[in-house]
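As structure tokens, the structure follows; a few thoughts come after it.
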Amino acid sequence: MLVLSRKYLESVRFELTEPLPAGTIIEVRLVRIGNQTVRLGIEAPTSINIVRDELTHAPELKADSAA
């Protein structure tokens, strides 16, 4: 199980690397609720990449700051 902390309006992306067979289950559990964050536990097949949304925009931010 992958466990991620998320703050208000932060997100998680599920990126498929191949088609999933029918009946494939992705389970997201709310593990803990804090003052400013929640912890999510995610169980998914290995063919699914689970990525914090801010990491998908990281190259764009670096390119913008270099210009």
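General remarks:
- For the stretch 3-32, the set of residues classified as part of a loop (DSSP other than H, G, I, E, B), at pLDDT 90 or above and surrounded by 10 or more Cβ atoms within 10 Å (Cβ to Cβ) consists of E10, S11, T24, I26, listed by residue number.
- Residues of the stretch 1-13 satisfying the condition of being closer than 11 Å to D53 by Cβ and touching a residue at least 12 places away in the same chain (Cβ under 8 Å): L4, R6, E10, S11, V12, R13
- Hits in the stretch 14-47 - residues which are touching a residue at least 12 places away in the same chain (Cβ under 8 Å) and touching a Lys or Arg at 6+ places or on another chain (Cβ under 7 Å): V31, Q36, T37, V38, R39, L40, G41
The values are calculated or read from the model by the stated rules, or taken from the named source; none is laboratory data. Predicted model, so just to flag it, every value in this text is computed and none were measured. Quick reminder, even Gly has a Cβ in these numbers, built from the backbone with ideal geometry, and neighbours come from all protein chains shown.
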